[in-house]
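Data block below; observations after.
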Amino acid sequence: MSNEAILFEGDYLRLRRRGTWEYAERVNARGAVVIVAVTPDNELLLVEQPRAPMGGPVLELPAGLVGDIQGEENEDMAVAAGRELEEETGYRAARFEFLTAGPPSAGLAGEVLSFYRAIELTRVGAGGGDETEEITVYAVPLGEIEPWLQDKRDAGVWVDPKIYTGLYFIQRDQG
C-alpha cells in the first residue's frame with residue numbers, strides 16, 4: 001500500500017499509519033501467549049503487576065511475548081507459554097493445549113494473542129517474574145473467583161477482561 005508510513009520507532013514499539021489509520025506494532029516479538037492454568041486444587045492462577053499505561057496494578061492471566069529473546073526469535077508458542085507460566089507463577093505444566101487466537105485490540109495494534117490451557121500443573125518455584133518485574137501470584141479457588149475479582153476491582157485494581165475469556169474455556173471444558 002503506497003499510503004503507508006512509519007511515524008515512530010522505539011526499542012519495543014513502532015507506530016504506523018496506513019491510509020488514515022494509525023496503529024502500534026511490536027518490533028521485538030512475533031506475538032504473545034496467554035495461559036489459562038488451574039492448579040490440582042481447582043484454583044485459577046492469576047498475576048498482578050504494575051502496568052505503566054494504566055497508572056497502577058492490573059490483574060491478569062499469566063502471559064508473555066513470543067520470540068522476544070535473542071536467539072529464540074522462532075520459539076514455539078507452547079514453549080513460550082511454558083517459560084512464561086513458570087517464570088511468572090512458579091508452576092510447570094506437563095503439556096499445553098491451544099485454545100484460540102485473536103487480536104486484543106484490533107483498532108489499536110496488530111498484535112495477536114494465542115491462548116493456551118496449561119495441563120497437569122506442578123509447583124516448582126515461587127514465581128514472581130524476573131528481575132525487571134514486580135509480579136504477585138494468586139491461586140484463586142474457582143468457586144470464589146467472581147467475588148474475589150469484584151474485591152480487586154473495588155480495591156482499585158484493573159481486572160484484565162482476558163481473565164473472563166480464560167474462565168469461559170474452563171467452564172466450557174467442565175460442562
Sole exception among (1) within 14 Å of the chain's Cα centre (by Cα); (2) surrounded by 12 or more Cβ atoms within 10 Å (Cβ to Cβ); (3) within 19 Å of PHE115 (Cβ to Cβ) for PRO161, by number:
(2)
Find all pairs meeting these conditions: Cβ atoms under 7 angstrom apart; at least six residues apart or on different chains; first residue within segment 78-96 and within 13 Å of VAL33 (Cα to Cα); second residue of a type in the set (Asp, Glu) and part of a helix (DSSP H, G or I).
none
All strands (runs of 3 or more DSSP E) inside segment 19-77 with 1 or more residues being closer than 15 Å to LEU113 by Cα
21-26, 31-37, 56-60, 63-66
Condition first: in contact with a Leu (Cβ under 9 Å, 6 or more places away or on another chain) and on the phi < 0 side of the Ramachandran plot. Now tell me which residues in segment 119-135 satisfy that.
LEU121
Hits in segment 1-26 - residues which are surrounded by 12 or more Cβ atoms within 10 Å (Cβ to Cβ) and of a type outside the set (Lys, Arg):
GLU9, TYR12, LEU13, LEU15, GLU22, TYR23, ALA24, GLU25
Can you find a residue in segment 76-84 that is in contact with a helix residue (DSSP H, G or I) (Cβ under 9 Å, 6 or more places away or on another chain) and under 30 Å from GLN150 (Cα atoms)?
no
Could you list all residues from segment 110-131 that are under 16 Å from LYS162 (Cα atoms) and either out of contact with any helix residue (DSSP H, G or I) (no Cβ under 6 Å at 6 or more places or on another chain) or not in a strand (DSSP E or B) (or both)?
GLU111, VAL112, LEU113, PHE115, ARG117
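The numbers here are math on the coordinates, done by the rules we state, and not lab data. None of these values were measured; they are calculated from a predicted model. Note that each Cβ is placed from the backbone with ideal geometry, even for glycine, and that neighbours are counted across all protein chains shown.
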